[in-house]
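Q: Mind looking over this structure? Questions follow.
The values are calculated or read from the model by the stated rules, or taken from the named source; none is laboratory data. Not measured: the values here are computed from a predicted model. Note that we place each Cβ from the backbone using ideal geometry, even for glycine, and neighbour counts take in every protein chain shown.
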Amino acid sequence: MKTNIFAFTLSIVVCVTAHAELKWDQTMVELHPATADKQAIGHFKYQNTGSKPVHFKSVRTSCGCTAAQSQKEEVPPGEKGEITATFNIGERTGTQVKTVTVETDDPEHVTTVLTLKAVIPQQLEITPTFVFWGQGEAPKPKTIVVRAAKEFPVKHLKVTSSSPDFQTKVEETGNGQFKIDIEPKDTSKQVASTLTIQPEDSQKIFYATARITNAPPIQ
Amino acid sequence: MKSSLVHQALILAVFALVPGFGEAIYFRDKISWRSPVPASEMVTAAQARTWGGNAIWVDARPDAEFASDHVPGAVSLNEDRWNELLPQVLAVWSPEKKVVVYCSSLSCNASREVARRLRKEAQLPNVFVLKGGWEEWLKSKK
């Protein structure tokens, strides 16, 4: 019985190793782009360690926001290369994980999934980014809380309303945290305002929205 | 003979667990590119259609795909231009409405991300992800 198991396991190991040709340095790359970066680029290096050329059949990404390119279509034995994955950050936040699926004619590794993880720094956390009142509701102020990340200390916040129908008041509550009170002048008509929130000494602008909806008043 | 076979099968099963444990330890903090969505936050095309005018359709696909075709009345909201597009969604939103977010197909992740941000950042209630996305909506139209 022991011989059977050993033979079975050995045959699997031999099958797998005998045909492994395209060897990847790493199939997962973690990137930490800076706040101003528009793209995060991951390099997935490989080498053909086999005795036959390997051909790329397709390179597909999991998201329209990511483009991937192989430098060549054919990888001769012993040759090195890389797949470059470019992730367009856009206005994404937090940790983003995108995959690149590589198909080759290596019968033992037809498909390889490469993972690109980008940790996008978030200077301000704004909660909520939307405040609203029902039409006719008492025009009491509503609050937006802004928290600055530890690595991006903020001393002052400048808040501007695109509409004079809303007034804003900023108050620092300590520990890099601010409170923005938004108060509509009246709630009889449907109006909306974009609030621009900008830390002092920063070019980056953040947004929130205030609106009087057509919904019945919330008591 | 029979017990020998069972014994061998058990040993092989234990072998099979080894790489599983290895992956669980090595990738313990790895985030799946497809974040799981609870069933209660998913909606089928047939169900969403019954909501009629009470539903706001949000297209999470890239601009070019939205421009090519979209669910009638849908508003575009993708993460490439989140700050610019979000006010359009909020302008048509009201508390009694349900929000249905879709992307290209079952395998895309954009609708999950957009729905997550609408719930977490804008704190909108009743935000759903369309099961199967645009592809499924097209099929349900036939």
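Q: Quickly run through the range A:29-42 and pick out the residues that are surrounded by 13 or more Cβ atoms within 10 Å (Cβ to Cβ) and not polar (S, T, N, Q).
A: A:Val29, A:Glu30, A:Leu31, A:Pro33, A:Asp37, A:Ala40, A:Ile41, A:Gly42
Q: Just give me the residues in the range A:38-50 being assigned to a strand (DSSP E or B) and either under 16 Å from A:Asp25 (Cβ atoms) or outside the structural domain of A:Glu103 (by TED's automatic domain parsing) (or both), in sequence order.
A: A:Ile41, A:Gly42, A:His43, A:Phe44, A:Lys45, A:Tyr46, A:Gln47, A:Asn48
Q: OK, next. Anything in the range A:173-209 that is hydroxyl-bearing (Ser, Thr, Tyr) and in a loop (DSSP other than H, G, I, E, B)? List them, or say none.
A: Initial filter on the range A:173-209 (hydroxyl-bearing (Ser, Thr, Tyr)): A:173, A:187-188, A:193-194, A:196, A:202, A:207, A:209.
Across the range A:173-209, the qualifying residues are A:Thr187, A:Ser188, A:Ser202.
Q: Residue under question is B:Glu113, and the condition is that it be in a helix (DSSP H, G or I), buried (at least 19 other Cβ atoms within 10 Å of the Cβ) and charged (D, E, K, R); does it hold?
A: Yes; evaluated as a whole, the condition is true for this residue.
Q: Please specify each residue of the range B:43-96 satisfying the condition of being closer than 17 Å to B:Arg117 by Cα, assigned to a helix (DSSP H, G or I) and not aliphatic (A, V, I, L, M).
A: B:Trp82, B:Asn83, B:Glu84, B:Pro87, B:Gln88
Q: Oh, and also: What are the pairs with Cβ atoms under 9 angstrom where one residue, in the range A:127-140, is within 9 Å of another protein chain (Cβ to nearest Cβ) and touching a residue at least 40 places away in the same chain (Cβ under 8 Å) and the other, located anywhere, is of a type in the set (Phe, Trp, Tyr) and part of a strand (DSSP E or B)? Sequence gap at least six, or different chains.
A: Going by the 9 Å Cβ cut-off, the qualifying pairs are A:Thr129/A:Phe206; A:Thr129/A:Tyr207.
Q: Let me ask something else about it. Residues that are closer than 17 Å to B:Trp82 by Cβ and in contact (Cβ under 8 Å) with a residue 40 or more places away in the chain, at least 2 per element: which strands (runs of 3 or more DSSP E) completely within the range A:51-106 meet that?
A: In the range A:51-106, A:80-88 are the strands (runs of 3 or more DSSP E) which contain 2 or more residues that are closer than 17 Å to B:Trp82 by Cβ and in contact (Cβ under 8 Å) with a residue 40 or more places away in the chain.
Q: Moving on. What is the one condition in (1) modelled with pLDDT of 95 or more; (2) of a type in the set (A, V, I, L, M, F, W, C); (3) over 21 Å from A:Gly90 (Cα atoms) that A:Ala215 does not satisfy?
A: (1)
Q: Moving on to the next point. Restricting to the range B:47-103, name every residue that is of a type in the set (Lys, Arg) and either within 14 Å of chain A (Cβ to nearest Cβ) or closer than 25 Å to A:Ala210 by Cβ (or both).
A: B:Arg61, B:Arg81, B:Lys97, B:Lys98
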